[in-house]
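Okay, handing you the structure first.
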Amino acid sequence: MNNYDQYISPFSERYASKEMQYLFSYHKKFSTWRRLWLALAESEKELGLAQITDEMINEMKEHLDDINYDKANEYETKFRHDVMAHIHAYGDECPTAKGIIHLGATSCYVGDNTDIIIMKEALELVKKKLINLIDILSRFANEYKDLPCLAYTHFQAAQPTTVGKRATMWLQDFLSDYEDLEYVLSSLKLLGCKGTTGTQASFVELFNDKDAPVKLDKLIAKKMGFNDTYPISGQTYSRKVDIRVYNVLSGIATSAMKMTNDIRLLQHEKEIEEPFENNQVGSSAMPYKRNPMRSERIASLARYVIANMNNPYMTASSQWLERTLDDSANRRISISEGFLAIDGVLDLCINVTDGLVVNTKVIEKNLKEELPFMITENILMDKVKEGGNRQELHEEIRKLSLEAGYRIKHEGLENDLIDRLCASKKLNISKEEINKYLDASKYIGRASEQVNEYITTFVNPVLKKNKDLLGLKININK
């Protein structure tokens, strides 16, 4: 038996990990529904509903995971309602408890609370992978913090930086994503039991007590691992919660795409390359090629996540009054695929950064070719200090630089600006003097210190706080 004749999501076979796929599986969803029904029944019993017995509770506990899917599917075909289908299927397995399952609740009690629970667990998995990526990047940045390289503005050669300083720019973006993730994780709440329009009227009626629903919410939240529930809702929790969650995913996607775009540019310059396996094929037509395939895949998946950000905004803004169902199909796809995509992005980012190849000789060569142009500002300043005319010297250096540039661009020859500067009578500078300017480390400013300070002050405390999450091993499927 195979599935070659039907659609299979690429997230299942190529991109997302088994751990993230499980969180958005049917079994995780429906077994969480049963745990919520159990929490509801237990809490209602604790608040004094005499019709709920220990026998019912124990019966429900026995059947949390052995879901009779065939029966549930039969019921859904009949009722055209997935929650009612699973209420009946659970009831068939729990005949004693059948009459009190879902007592007082509406469909969003299991639907929305499960969405929050799964998003929380998915964010925790994202956090684990993000922390490991931050750890790898910090070690890479520290290793190469002193290695000068060409920096670029407008992808044109500019003042030098270091390989480690550039990696620290990527690192800072991901640490910002971590801070956003931590805030959203800490602020997530359950919907709780709010009833059909969010007024908790059914539970006021059930207990004949206006205070009981508040206590019920707190009991359920605690049983499901949350500190609290949202105080105000319609039938659903505000869909702005989804925006906040998805914004974290989109932020990570943005950081990942920025980093891997940089890596792709640097691989073109032959300075830094993503890992390339012994048997990996770069091109079906050109055997010599080493395409940055994984960085390109990261950019592709990240673009999908960023573009998908429109979905939670549209859903939240069009949620009519206390409830409308035009969010359902969209959220089933957009939330799950957002997490599955960012899971793939992080796995690939960890794989790429953990195996980055730094071609130091090429970096030195590229810097050496451009350095003569970069030292001219320092030469100009020093010659003015010696009594020279700033405007005349500037014009002389400008003219010589253009001549050397023409030679490089139009004649395909090497940069001879140093020889031209030495030959200039207006500059009156010797080869020995110029050689003092050709130490690239003089032009990197505080790059090394910035790396040290950032990692020590901002990164290391986060890694120490999350040390139990480190050491993750990633497997890239295809």
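Going by what's in this entry, would Asn415 be described as part of a helix (DSSP H, G or I) and among the polar types (S, T, N, Q)?
It is false that Asn415 is part of a helix (DSSP H, G or I) and among the polar types (S, T, N, Q).
Related question: Regarding Leu40, is this residue crowded, with 20+ Cβ neighbours inside 10 Å, at pLDDT 95 or above and under 26 Å from Asp115 (Cβ atoms)?
Considered against the rule, which asks whether it is crowded, with 20+ Cβ neighbours inside 10 Å, at pLDDT 95 or above and under 26 Å from Asp115 (Cβ atoms), Leu40 comes out as yes.
In the range 345-385, what residues are more than 40 Å from the chain's Cα centre (by Cα) and hydroxyl-bearing (Ser, Thr, Tyr)?
If the condition is that a residue be more than 40 Å from the chain's Cα centre (by Cα) and hydroxyl-bearing (Ser, Thr, Tyr), then Thr376 is the only one that fits.
Follow-up. Consider the range 297-336. How many of its residues are surrounded by fewer than 20 Cβ atoms within 10 Å (Cβ to Cβ), charged (D, E, K, R) and closer than 26 Å to Lys28 by Cα?
So the count comes out to 4.
Turning to a different aspect of this structure: Could you list, in sequence order, all residues of the range 293-344 that are in a loop (DSSP other than H, G, I, E, B), within 19 Å of Asp82 (Cβ to Cβ) and touching a residue at least 12 places away in the same chain (Cβ under 8 Å)?
Restricting attention to the range 293-344, the residues satisfying the condition of being in a loop (DSSP other than H, G, I, E, B) are 309, 318-324.
Cutting the leftovers down to within 19 Å of Asp82 (Cβ to Cβ) gives us 323-324.
Residue satisfying the conditions is Arg323 alone.
With respect to the numbered conditions (1) touching a Ser or Thr at 6+ places or on another chain (Cβ under 8 Å); (2) more than 29 Å from Thr456 (Cα to Cα); (3) not acidic (Asp, Glu), which one is the sole condition not fulfilled by His154?
(1)
Considering only the range 168-271, give the helices (runs of 4 or more DSSP H) lying wholly within it that have at least 2 residues that are surrounded by fewer than 16 Cβ atoms within 10 Å (Cβ to Cβ) and not charged (D, E, K, R).
240-268
Among the candidates Lys409, Lys361, Lys368, Lys385, single out the residue that is at pLDDT 95 or above and either basic (Lys, Arg) or surrounded by fewer than 16 Cβ atoms within 10 Å (Cβ to Cβ) (or both).
The match here is Lys361.
Moving to a separate point now. Within the range 215-240, track down each residue that is basic (Lys, Arg) and touching a residue at least 40 places away in the same chain (Cβ under 8 Å). Write out each step before concluding.
Taking the range 215-240 as the starting set, the residues that turn out to be basic (Lys, Arg) are 215, 218, 222-223, 239-240.
Matches in the range 215-240: Lys215, Lys223, Arg239, Lys240.
Could I ask something else about it? Here is a check on your reading of the model: is Leu438 in contact (Cβ under 8 Å) with a residue 60 or more places away in the chain, in a loop (DSSP other than H, G, I, E, B) and within 25 Å of Ala157 (Cα to Cα)?
Taking the combined requirement at face value, the residue satisfies it.
Just need a number here: residues in the range 127-147 that are in contact with a Ser or Thr (Cβ under 6 Å, 6 or more places away or on another chain) and not in a helix (DSSP H, G or I).
3
Give Leu206, Leu188, Leu175 a once-over and let me know the one that is under 21 Å from Ala341 (Cα atoms) and not aromatic (Phe, Trp, Tyr). If you could, list the steps in order and put the result at the bottom.
Values: Leu206 fails: under 21 Å from Ala341 (Cα atoms); Leu188 fails: under 21 Å from Ala341 (Cα atoms).
Within the list Leu206, Leu188, Leu175, the selection yields Leu175.
Filter the range 181-207 down to the residues that are free of Cβ contacts under 8 Å to residues at least 24 places away in the same chain and under 20 Å from Trp33 (Cα atoms) and list them by number.
Gln200, the sole residue that qualifies.
Per-residue answers, yes or no, for (1) touching a residue at least 24 places away in the same chain (Cβ under 8 Å); (2) touching a His at 6+ places or on another chain (Cβ under 6 Å); (3) assigned to a helix (DSSP H, G or I):
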position	(1), (2), (3)
Ile8	no, no, no
Thr32	yes, no, yes
Arg35	yes, no, yes
Ala41	yes, no, yes
Gly48	yes, no, no
Asn58	no, no, yes
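Inside the range 460-478, can you point out the residues that are part of a helix (DSSP H, G or I) and at pLDDT below 95?
Correct list: empty.
Could you identify the single residue in Asn68, Asn3 that is surrounded by 13 or more Cβ atoms within 10 Å (Cβ to Cβ) and either touching a strand residue (DSSP E or B) at 6+ places or on another chain (Cβ under 9 Å) or polar (S, T, N, Q) (or both)?
Only one candidate passes the filter, namely Asn68.
The values are calculated or read from the model by the stated rules, or taken from the named source; none is laboratory data. Since the structure is predicted, the reported quantities are computational estimates derived from the model, not experimental observations. Every residue, glycine as well, gets a Cβ built from its backbone with ideal geometry; the counts of neighbours run over all protein chains shown.
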